[in-house]
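Have a look at the structure below before the remarks.
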Amino acid sequence: MEIESKEFSNKDITVTYDPCLCTLSKTCARGLSHVFSDTIIPWVNLDEGKTDEIIKQIKQCPSGALQYYKKNHKQAI
């Protein structure tokens, strides 16, 4: 069974999630629970947060499972 990566977008950024890399540390949900949820599907709701705070939280992901790119740049960061 293949597990596929997911993408979530708002008007500013696209967030990618690779479940094969995720260590389930819940760092994202603890740090920004109104955007990243461990109890609601879809578990990422980018409309609930400001782009800069979402980016800051993604950079805290210990496994690198969460990445993002700004829509006007189209380059992964």
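Here are the numbers for the structure shown:
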{"read-out": "Looking only at segment 8-44, and only at residues there that are of a type outside the set (Val, Ile, Thr) and part of a helix (DSSP H, G or I), the one that is nearest to the chain's Cα centre (by Cα)", "value": "Cys28"}
{"read-out": "Single unsatisfied condition, Asp47 versus (1) of a type outside the set (Lys, Arg); (2) assigned to a loop (DSSP other than H, G, I, E, B); (3) modelled with pLDDT under 95", "value": "(2)"}
{"read-out": "Top-ranked residue in segment 5-50 [being under 13 Å from Gln67 (Cα atoms) and polar (S, T, N, Q); ranked as surrounded by the fewest Cβ atoms within 10 Å (Cβ to Cβ)]", "value": "Ser5"}
{"read-out": "Pair list, Cβ under 7 Å, 6 or more apart: segment 58-77 residue at pLDDT 90 or above and surrounded by fewer than 18 Cβ atoms within 10 Å (Cβ to Cβ), other residue among the polar types (S, T, N, Q) and assigned to a helix (DSSP H, G or I)", "value": "Gln60/Thr27; Pro62/Thr27"}
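The values are calculated or read from the model by the stated rules, or taken from the named source; none is laboratory data. This structure is a prediction, so every number in the text was calculated from the model and none was measured. Don't worry about glycine lacking a Cβ; one is built from the backbone with ideal geometry, like all the others, and counts go over all protein chains shown.
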